[in-house]
Amino acid sequence: MERNKDVLDKSLEIPVVELRHVEKYYGEMHALKDINLSVERGEVVVLIGPSGSGKSTLCRTINRLETIKSGEIRIEGKKLPEGGKELAELRTQIGMVFQSFNLFAHRTILDNVMMGPIDVLKRPEEEVKKEALELLKRVGVDSQADKFPAKLSGGQQQRAAIARSLAMHPKVMLFDEPTSALDPEMIQEVLDVMTELAHEGMTMIVVTHEMNFARRVADRVVFMADGSIIEEAAPDEFFTNPKSERAREFLDSINRH
Amino acid sequence: MRELTVRDMLYETPGKETRKKTAVATVVSLLVIMVFLCYIVKLFSESGQLDSRYWFFFTKLTTWKFLFEGILGTLEASLLAGTSALAIGFVFMCMRICVYKPLNYIGIALVEFTRGVPTLLFIYFFFLDVPKMGINLPTVWRISLPVAISASGMVSEVLRSGVNAVPKGQREAALSIGMREINVFLKIIFPQAVRYIIPALVSDLVIVVKDTTFSYILSFPDLMQNAKVLISNYDALLSVYLVAGVIYILINYFLNRISVSLAKRSGMTPVVGR
């Protein structure tokens, strides 16, 4: 990444997320084929591609919600542990936002944000609560803090889910189709929060179908098809002049209407 | 926003024609019920069951005190049996969903065994065989434990259906913030599972309450046993059983109301219920 080239701090040269020769199968289906991807600190990488291309799967392998058959995944140079305490600890540093929000249905919005810091990081409750309220304010759902998730709109739920991830102070945030389950009028409010995060320097890996978001916010677009990375480019270049035939077809198909 | 009821989910809003039919059916069925009740009262009075000698002792305070002691006995036995059934059922359920295969099979065997054997057999076992082994349980446990064991298999299966009903995204979200599997289960999955199945769980508890009526076998003073004492004292079978029956209905009705309000307070809609 050019914008980081001038920074001398050595730790910044280690990619936050690095995948090397990652292979994954679902039974006979070859879901991920020789995936190589490295994401620098502060970089926003958007994964796009037709459905079934493996972009969600790729996103989910990074915090090991999906296991891989072979290859290597490193977070800040450290190999992703296979399980146990080490994996749980590493997951605290990787925020994840899901398509279906997955807020804890039996807890209030505020509790949802506080649970991670209190139960996992064992931080004192008062301090956590203060910060949680600030985070909720930042994503604009502070007035809903004492409600249960089911009472909120999809957009509010997703923004609260982002706050829940942020409460862990993650080094990287994974967004797995964060707006795909939302009504059209709610998509923008979630994208706005994500855009703000990106501008604040959060390292983000985003699986999305929102091409405008990719064009405006991404540092790099990664195009996937049939389990392989076909093309990687800056958004301007990718959307105006895709190199591969597959990417051209894909862009044509979504621009047709 | 009005809460969605099971009725709304199953039927569409009735139109004019249907409303008319419903009104007619309501009146007719009310009439039928009233006629039926009158017939029963008539049968009662003809056979002398309404004679004051079968009812006068209900005006005495001692009768009610005695029945109330019985209710306390029933509540004590039910509470112990209910909590034990939940505890044992929880253990069985953990065995069944455990990743360790041999435990699964033991869990399945225990569930099938406890569900298949009649409650009365467990009670006789604890009444007759357990003391012979030199284990002397307090009387209340001699009724509560067999009743609990008998219900534990059912409870286990109900709990398991609840656990399976929790969307898998909940687990993934909990894992993604760094929770360990055991905490994911105890803090996220299980509390939600319980809320899904409160109505079904209460049905099991109602069965537990009803099973404690076997107390009379051990002469444990529950409502049933005390009713039996009243019956032999006043030679009044039907009236006492009628009153005891109504009290049992009230106990179980309140159990139901508690469960519904619990479910409502939890902020999640129960899968079934009113």
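The values are calculated or read from the model by the stated rules, or taken from the named source; none is laboratory data. None of the values given here were measured: they were computed from a predicted structure. We place every Cβ from the backbone using ideal geometry, glycine too, and count neighbours over all the protein chains shown. Just the protein is used for accessible areas: all its heavy atoms, side chains included, with ligands, DNA and RNA removed. Shrake-Rupley method; radii C 1.70, N 1.55, O 1.52, S 1.80 Å.
Annotations for the structure displayed:
- Residue list for the range A:93-120, restricted to those being under 13 Å from B:Asn183 (Cβ atoms) and open to solvent by 20 Å² or more (accessible area, probe 1.4 Å): A:Ile118, A:Asp119, A:Val120
- Residues that are within 14 Å of chain A (Cβ to nearest Cβ), in a helix (DSSP H, G or I), without any contact (Cβ under 8 Å) to a residue 24 or more places away in the chain and not basic (Lys, Arg) occur at least once in the range B:147-169.
- Any chance B:Leu186 is more than 9 Å from every other protein chain (Cβ to nearest Cβ) and within 21 Å of A:Leu103 (Cβ to Cβ): yes
- Filter result for B:Ile217 (within 14 Å of chain A (Cβ to nearest Cβ) and either within 16 Å of B:Gly70 (Cα to Cα) or open to solvent by less than 40 Å² (accessible area, probe 1.4 Å) (or both)): no
- Restricting the range A:115-147 to residues that are under 25 Å from A:Val206 (Cα atoms) and small (Gly, Ala, Ser), the residue that is nearest to the other protein chains (Cβ to nearest Cβ) is A:Gly116.
- From A:Phe175, A:Phe148, residue being over 30 Å from A:Ser53 (Cβ atoms) and either in contact (Cβ under 8 Å) with a residue 60 or more places away in the chain or open to solvent by 10 Å² or more (accessible area, probe 1.4 Å) (or both): A:Phe148
Residue-wise test of (1) within 11 Å of another protein chain (Cβ to nearest Cβ); (2) among the hydroxyl-bearing types (Ser, Thr, Tyr); (3) within 19 Å of A:Cys59 (Cα to Cα).
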| position | (1), (2), (3) |
| --- | --- |
| A:Gln158 | no, no, yes |
| A:Met168 | yes, no, yes |
| A:Leu182 | no, no, no |
| A:Thr208 | no, yes, yes |
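- Matching option when the condition is more than 11 Å from chain B (Cβ to nearest Cβ), touching a residue at least 40 places away in the same chain (Cβ under 8 Å) and either within 16 Å of the chain's Cα centre (by Cα) or under 26 Å from A:Arg164 (Cβ atoms) (or both), among A:Ile62, A:Ile35, A:Ile94, A:Ile73: A:Ile73
- Residue count for the range B:159-173 satisfying the condition of being surrounded by 18 or more Cβ atoms within 10 Å (Cβ to Cβ) and closer than 14 Å to A:Leu103 by Cβ: 5.
- Scan of the range A:98-114 for residues that are facing chain B (nearest Cβ under 7 Å) and out of contact with any strand residue (DSSP E or B) (no Cβ under 8 Å at 6 or more places or on another chain), ordered by number: A:Ser100, A:Asn102, A:Phe104, A:Ala105, A:His106
- Meets criteria (under 12 Å from the mean Cα position of the chain (by Cα), within 14 Å of chain A (Cβ to nearest Cβ) and either open to solvent by 30 Å² or more (accessible area, probe 1.4 Å) or at negative phi (or both)) for B:Ile198: yes
- Flag for B:Leu67 being open to solvent by less than 50 Å² (accessible area, probe 1.4 Å), touching a Ser or Thr at 6+ places or on another chain (Cβ under 7 Å) and aliphatic (A, V, I, L, M): no
- Failed item, numbered, when B:Leu80 is tested on (1) open to solvent by 30 Å² or more (accessible area, probe 1.4 Å); (2) closer than 30 Å to B:Leu110 by Cα; (3) out of contact with any Ser or Thr (no Cβ under 7 Å at 6 or more places or on another chain): (3)
- A single entry from A:Lys55, A:Lys85 fulfils the requirement of being over 25 Å from A:Glu13 (Cβ atoms), among the basic types (Lys, Arg) and open to solvent by 20 Å² or more (accessible area, probe 1.4 Å): A:Lys85.
- Count of residues meeting criterion [farther than 19 Å from A:Glu249 by Cβ and in contact with a strand residue (DSSP E or B) (Cβ under 8 Å, 6 or more places away or on another chain)] in the range A:209-231: 5
- Put simply, of A:Glu231, A:Glu200 the only residue that is open to solvent by 50 Å² or more (accessible area, probe 1.4 Å) and under 22 Å from A:Arg41 (Cα atoms) is A:Glu200.
- Checked against the criterion of being farther than 22 Å from B:Ile197 by Cα, part of a loop (DSSP other than H, G, I, E, B), within 14 Å of chain A (Cβ to nearest Cβ) and open to solvent by 60 Å² or more (accessible area, probe 1.4 Å), the range B:99-115 contains one or more residues that satisfy it.
- The set of residues in the range B:12-64 that are of a type in the set (Lys, Arg) and open to solvent by less than 90 Å² (accessible area, probe 1.4 Å) contains only B:Lys60.
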